[in-house]
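Following: one structure in C-alpha cells, then a few remarks.
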Amino acid sequence: MRAGILMSVIISLIIGLLIGYSIPSIQHAQQVTKSTTPQTLSIITASLYAQLFREAGKELGINVVVTGMGSVQAARQVILNPSGYSIYASIDPYILTSLLYPSNITSWYIAIAKDQMVIAYSPNMPKPLLNVVNNLTETEKRALSEGNYTEAMVITREFLNLIFSNATFNLAHEYGAYAVGTSNPNTDPEGYRALMVLQLTGIYWGLGRNYYTDLFNYANSTGNVYEVLAGSELFGPLETGKVWFDIAIYKSSAESAGLPYFPLPPQVNLGDPAYSNYYSEAYVTIVVNGQSLVVRVCQFS
C-alpha cells in the first residue's frame, strides 16, 4: 500500500478512536470499557509505521506519543502494560492473534494493508558485484512482468546463491562490510519472514526446508550477517554499504526508503493469497518471554 493511502487509513483510525467508535481502552485482562476522548494517544507500533502515526497526529492537531519497535517486541510491552496504549499496530497479525488473543488483551484487529517480501541491496557495494546484481534484478523484473514465474524462481535461486556464496562473503570481508542484513526474528516479523522466504525457496527446488537457512546460519557463524532489532534499522547501513543485502524487508519499505531491490516471485514472497497453502509449509520457532512460539504466515481471508 502506498504511503499516502496508508496515511489516510491511519488518520481515519485515529479519528474513530477520538470519537469513541473503536479501540477500547483495556483496564485489565477481563474488564473492557469505552475510553473517553483522550488528551494524548499512546501508540505502540512496528517501527516502520512510527513516523506515519506521528505525521497523522500532527495533521490532526492532537498529541500522540508513538513508540516504534519490532512487532514482537511491541506485543511484549502491551502484555506487560495493556492499559498503557491506545493503539497497537503490527506488521504481522499472527503476532496479535498468537500473543494478545490468548492473553485476553484483545479479540479483534483491523487489517489496513498487505505487502510482500523483497531483497533490498546496497547501491554502494563494489561495482562489479553491483552490475551482476542489477542485471539479475532486471531479468527478474522482466520474467515477473511476463508472468513467467518458473523462470523467476530460477533467477531467485541464482540470486540467493550469489548472496550466500563464499566469493561474496570474502569480498565483503575485504571491504569491511556485511554480506547479509536481517532483523531478529524474536523481535521483528520481517526477521522470521526472511527465514520463511529462504525455507520456501529450498522446498520449491527440492533442496529441503533448511537448505538456505543453513547457508544463512553459516553466514552468521562466519561474521557475514548484521542483525538488528527492527528492519528499519537496516536502512542506513544498506545505503552506506555497511550491509550489502537486506533479506528482511517489505516491498513498501524498500520503495519508501528509496532502496533498490530484487523482487521475489509469488511462490515465495508471502504476499499472494493463491499460494497460502504452500506458504504454510514454512514455519519459524521464536522465543517470546522465555516461551517458544511457532510462527506461520497468517492465512489470507
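The values are calculated or read from the model by the stated rules, or taken from the named source; none is laboratory data. Because the structure is predicted, anything quoted here is derived from the model rather than measured. Virtual Cβ from ideal backbone geometry, glycine too; neighbours counted across all protein chains shown. Calculation scope for accessible area: heavy atoms of the full protein, side chains included, ligands and nucleic acids excluded. Shrake-Rupley method; radii C 1.70, N 1.55, O 1.52, S 1.80 Å.
Of all the criteria given as (1) part of a strand (DSSP E or B); (2) out of contact with any Ser or Thr (no Cβ under 6 Å at 6 or more places or on another chain); (3) touching a residue at least 60 places away in the same chain (Cβ under 8 Å), the one not satisfied by residue 197 is (1). Taking the criterion of being within 20 Å of residue 290 (Cβ to Cβ) and either of a type in the set (Phe, Trp, Tyr) or surrounded by fewer than 16 Cβ atoms within 10 Å (Cβ to Cβ) (or both), the residues of the range 80-107 that qualify are 80, 81, 94, 101, 102, 103, 104. Of the listed requirements (1) within 30 Å of residue 206 (Cα to Cα); (2) outside any loop (DSSP other than H, G, I, E, B), residue 97 misses just one: (1).
When 97, 139 are screened for being among the polar types (S, T, N, Q) and at pLDDT below 95, only 97 passes. For the condition modelled with pLDDT of 75 or more, charged (D, E, K, R) and open to solvent by less than 50 Å² (accessible area, probe 1.4 Å), residue 54 does not qualify. Is it true that some residue in the range 249-263 is free of Cβ contacts under 8 Å to residues at least 12 places away in the same chain, buried (at least 17 other Cβ atoms within 10 Å of the Cβ) and not β-branched (Val, Ile, Thr)? Checked against the condition, which is being free of Cβ contacts under 8 Å to residues at least 12 places away in the same chain, buried (at least 17 other Cβ atoms within 10 Å of the Cβ) and not β-branched (Val, Ile, Thr), the range 249-263 yields no hits at all. What about residue 33, is it at pLDDT 80 or above, touching a strand residue (DSSP E or B) at 6+ places or on another chain (Cβ under 7 Å) and open to solvent by 30 Å² or more (accessible area, probe 1.4 Å)? When the stated conditions are applied, residue 33 does not pass them.
Of everything listed in (1) touching a residue at least 40 places away in the same chain (Cβ under 8 Å); (2) open to solvent by 10 Å² or more (accessible area, probe 1.4 Å); (3) assigned to a loop (DSSP other than H, G, I, E, B), the single unmet condition for residue 208 is (1). Would you list the strands (runs of 3 or more DSSP E) that sit entirely within the range 249-301 and hold 1 or more residues that are among the small types (Gly, Ala, Ser) and in contact with a Ser or Thr (Cβ under 6 Å, 6 or more places away or on another chain)? Fully inside the range 249-301 and qualifying: 291-295. Residue 120 falls short of the stated requirement of being in a strand (DSSP E or B), farther than 27 Å from residue 49 by Cβ and at pLDDT 95 or above.
Residues in the range 215-230 that are over 21 Å from the mean Cα position of the chain (by Cα) and open to solvent by 80 Å² or more (accessible area, probe 1.4 Å): 218, 221.
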